[in-house]
Amino acid sequence: MNELLERLEAMGRPGGLLALGVAFLAAAAGAGLFWLTLDPALGVEEAQRIAEGGSGMSTRWRTRGLRFSALLTFAMALPSAFLGVRLLTQRHYPRADEVFPPMDVGAIADALSQRTEDLCVCTRCRVMVPAAFSTGACPVCASAVEYHEVQSDEDAQMVLAAMS
Ligand SMILES: [Zn+2]
């Protein structure tokens, strides 16, 4: 069960839908098992056993067994339901490389040749940010070594050479 929940969690939002499905099935199975114990035939059977000189215990234990199974099944539904709700409502925090996807070198070359302001380029991640917004290190890999500020055409050439 735990393994199932971990797998669902790793799937993110689709896992949340599946977890709610699992919770629904488990709850329905639990309700079904409990419903079986409400069968008046069980009471009739118990009375009959007692009338035949027995104790009626076996019928009573069968009822308890079914109720216990129903409880266990319900107990499985709860964590699945919580996981499902959590996975469906949690916010996805984007990673840095999703915010700054790697650009192709041609696009960087074009941007550098047409630049109207200073730009910073990470030659490892191939990302580019305006120098005005730069913190002095690459926003993706945090490297300051492969992160260059382009203020002149010479800088631009050096950066492009580093990426070719
Ligand atoms: Zn970088």
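What the table below lists for this structure:
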| quantity | calculated |
| --- | --- |
| Region 30-85: number of residues that are free of Cβ contacts under 8 Å to residues at least 24 places away in the same chain, among the basic types (Lys, Arg) and within 24 Å of MET1 (Cα to Cα) | 1 |
| Positions within region 5-17 being charged (D, E, K, R) and within 9 Å of LEU83 (Cβ to Cβ), in sequence order | GLU9 |
| Of all residues in region 18-31 being out of contact with any helix residue (DSSP H, G or I) (no Cβ under 7 Å at 6 or more places or on another chain) and of a type in the set (A, V, I, L, M), the one that is nearest to PHE82 (Cα to Cα) | LEU25 |
| Candidates GLU52, GLU3, GLU9 - the one that is at pLDDT below 90, of a type in the set (D, E, K, R) and more than 30 Å from HIS92 (Cβ to Cβ) | GLU52 |
| Helices (runs of 4 or more DSSP H) (entirely within region 62-164) containing at least 2 residues that are within 26 Å of GLU9 (Cα to Cα) | 96-99 |
| Test: residue in region 103-114 that is polar (S, T, N, Q), exposed (fewer than 12 other Cβ atoms within 10 Å of the Cβ), closer than 27 Å to GLN151 by Cα and out of contact with any helix residue (DSSP H, G or I) (no Cβ under 6 Å at 6 or more places or on another chain) | yes |
| Residue that is nearest to the ligand (Cβ to nearest atom) [pool: residues in region 114-143 that are of a type in the set (Gly, Ala, Ser) and more than 19 Å from GLN157 (Cα to Cα)] | SER143 |
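The values are calculated or read from the model by the stated rules, or taken from the named source; none is laboratory data. Just so we're clear, the structure is a prediction, and the values are computed from it rather than from any experiment. Neighbour counts run over all protein chains shown; Cβ positions are idealised from the backbone, glycine included.
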